[in-house]
Amino acid sequence: MIYPLAYSTWGKEEVDAIQKVIDTDMYTMGSHVKQFEQEFAELFNSPNAVMVNSGSSANLLMLSLLKWKYKLTGDIIVPVVGWATTYFPIVQNGFKINFVDVDPNTWNIDVTKIEQAITPNTVAIMPVNLLGNSCDYKAIKEICFKHKLLLIEDNCESMGAKFNDQYTGTFGLAGSFSFFFSHHIQTMEGGMILCKHKDDADYLRSMRAHGWVRDLPDNSSLYKKTGNAFNDNFIFATPGYNLRPLEMSGAIGSVQLKKWNDIMKVRLENTKHFLNLFANKSWCRIQNETGESSWFTFGIVLDGELKGRREEIINALTNAGIQNRPLASRNFLKQPVMPNLDHIVSGTMDAANDIHDNGFFVGNGSIDIKEGIDKMYEIISGFAK
């Protein structure tokens, strides 16, 4: 394999961090998770961070917060290109999915189509920062303010991206992050929610651990502890799940944050090489940056003389040892699960259909992959001759 989809960011430090946890004989959520939460919040200038066991769980908790704490019902506007666990938690929490097409150039939600999608029952907008690329939060926040809608972000693919010098995942009520193996940092499995309000953070912490209050501070507005541990440790104040992260994941996360600048430096060097080769070609489109992308992966939508030829191109890439996959969920309306999901469709999905039929992506990572990018360019451009 000359060009895989994902690359490990681990070294001896991560293995040592795991061993330290093993030596304590404390494996579930504890001091290492709390330390990682604090460090992550500081890095992204957020007052609160709540770690969970995956980015999907982070999305689930954000939607559960809207249902249980904010007592909302109705529909939630999302882009039709995202990920499965962008959409499933919406329905699992009793909301209706309100699908909007994406912008053909940024592949994020088309902000010009949001207002016409708003219904009398719309309660929130949940943009997806796709493949490392920020959405247009100036426009989105103006719409939310005008129509009194809440904003939450699916930021699982875009750790480190910025819009107007502000990190994605911090624009709304809450934002989700993922630390899966292929993502910017890797904690085995793991996710995070950044949120603005302490009361929301306490509610999230309770929900992630059965609805318990035992992990809440003594002064939490959610529950005032009595000082009687026998009683306080078994009070259930919220509807809950078991989405607790492992201590190992928290310990690894702290090590990974120390490498963050180096990880991003290499990713951006790979990106510069990719852009030099693939930008402004008649036979493909690449993702236009909104703000500063953190370039999770490199997406390509075949165009011009290569439109409709994806199958033969990805076969050639695969045979050459270049891993590839569909561009996120593609047009999620075409997935066979859709009859099970309560949803409405606002407008046409022309851009999403193009991505569905002609799009794919390849990896980016924290090692030099310029040779693999060169080989990919040689293969794809060869089809255009």
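The values are calculated or read from the model by the stated rules, or taken from the named source; none is laboratory data. Bear in mind the structure is a predicted one, so any value in this text is a computation, not a measurement. Here the Cβ positions follow ideal geometry from the backbone for every residue, glycine too, while neighbour counts run over all protein chains shown.
Filtering the range 121-140 down to residues that are surrounded by fewer than 24 Cβ atoms within 10 Å (Cβ to Cβ) and assigned to a loop (DSSP other than H, G, I, E, B), which residue is farthest from the chain's Cα centre (by Cα)? If we take residues in the range 121-140 being surrounded by fewer than 24 Cβ atoms within 10 Å (Cβ to Cβ) and assigned to a loop (DSSP other than H, G, I, E, B), then Asn121 is farthest from the chain's Cα centre (by Cα). Within the range 141-150, can one find any residue that is in contact with a helix residue (DSSP H, G or I) (Cβ under 7 Å, 6 or more places away or on another chain), touching a residue at least 12 places away in the same chain (Cβ under 8 Å), surrounded by fewer than 24 Cβ atoms within 10 Å (Cβ to Cβ) and part of a strand (DSSP E or B)? Within the range 141-150 (the criterion being in contact with a helix residue (DSSP H, G or I) (Cβ under 7 Å, 6 or more places away or on another chain), touching a residue at least 12 places away in the same chain (Cβ under 8 Å), surrounded by fewer than 24 Cβ atoms within 10 Å (Cβ to Cβ) and part of a strand (DSSP E or B)), the answer is yes, since at least one residue qualifies. Of Phe171, Phe181, which residue is aromatic (Phe, Trp, Tyr), in a loop (DSSP other than H, G, I, E, B), modelled with pLDDT under 95 and within 21 Å of Thr85 (Cβ to Cβ)? Step by step, each of Phe171, Phe181 is checked, and only Phe181 is aromatic (Phe, Trp, Tyr), in a loop (DSSP other than H, G, I, E, B), modelled with pLDDT under 95 and within 21 Å of Thr85 (Cβ to Cβ). Within the range 215-247, being closer than 30 Å to Glu13 by Cα, outside any strand (DSSP E or B) and in contact with a Phe, Trp or Tyr (Cβ under 7 Å, 6 or more places away or on another chain) holds for one residue alone: Glu247. Residues in the range 248-303 that are in contact with a helix residue (DSSP H, G or I) (Cβ under 6 Å, 6 or more places away or on another chain), assigned by TED's automatic domain parsing to the domain that holds Lys375 and among the hydroxyl-bearing types (Ser, Thr, Tyr): Ser282, Ser293, Ser294, Thr297. A search for C-beta distances below 8 Å between a residue of the range 173-198 that is closer than 25 Å to Tyr3 by Cβ and any residue that is among the acidic types (Asp, Glu) and outside any strand (DSSP E or B), counting only pairs 6+ apart in sequence or on different chains, returns Ser178/Glu157; Phe179/Glu189; Phe180/Glu189; His183/Glu157.
Results for (1) surrounded by fewer than 14 Cβ atoms within 10 Å (Cβ to Cβ); (2) more than 21 Å from Thr271 (Cβ to Cβ); (3) at pLDDT 95 or above, shown as yes or no for each residue.
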site	(1), (2), (3)
Leu306	no, yes, yes
Asn340	yes, yes, yes
Met349	no, yes, yes
Phe360	no, no, yes
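Highlighted here would be helices (runs of 4 or more DSSP H) found entirely within the range 1-99 that include at least 3 residues which are in the same structural domain as Gly190 (by TED's automatic domain parsing), at pLDDT below 95 and surrounded by fewer than 18 Cβ atoms within 10 Å (Cβ to Cβ), but there are none. Collect the residues in the range 183-207 that are touching a Ser or Thr at 6+ places or on another chain (Cβ under 8 Å) and either closer than 29 Å to Gly11 by Cβ or not assigned by TED's automatic domain parsing to the domain that holds Asn129 (or both), keeping them in residue-number order. Residues satisfying the conditions are His184, Ile185, Gln186, Thr187, Met188, Glu189, Gly190, Gly191, Met192, Ile193, Leu194. Just checking, does the range 247-268 include any residue being under 19 Å from Leu61 (Cα atoms) and basic (Lys, Arg)? No, that holds for no residue. The condition (being touching a strand residue (DSSP E or B) at 6+ places or on another chain (Cβ under 9 Å), without any contact (Cβ under 8 Å) to a residue 12 or more places away in the chain and not charged (D, E, K, R)) is satisfied by just one residue among Leu327, Leu306, Leu275, Leu317: Leu275.
Restricted to the range 151-161, and to residues there that are part of a strand (DSSP E or B) and among the hydrophobic types (A, V, I, L, M, F, W, C), the residue that is surrounded by the fewest Cβ atoms within 10 Å (Cβ to Cβ) is Leu151. Restricting the search to the range 278-303, which residues are within 27 Å of Thr168 (Cα to Cα), in contact with a strand residue (DSSP E or B) (Cβ under 7 Å, 6 or more places away or on another chain) and surrounded by fewer than 18 Cβ atoms within 10 Å (Cβ to Cβ)? Ala279 - this is the single residue of the range 278-303 that is within 27 Å of Thr168 (Cα to Cα), in contact with a strand residue (DSSP E or B) (Cβ under 7 Å, 6 or more places away or on another chain) and surrounded by fewer than 18 Cβ atoms within 10 Å (Cβ to Cβ).
This table checks each residue for (1) assigned to a loop (DSSP other than H, G, I, E, B); (2) among the polar types (S, T, N, Q).
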{"position": "Asn270", "(1), (2)": "no, yes"}
{"position": "Glu305", "(1), (2)": "no, no"}
{"position": "Leu317", "(1), (2)": "no, no"}
{"position": "Ala352", "(1), (2)": "no, no"}
{"position": "Ile367", "(1), (2)": "yes, no"}
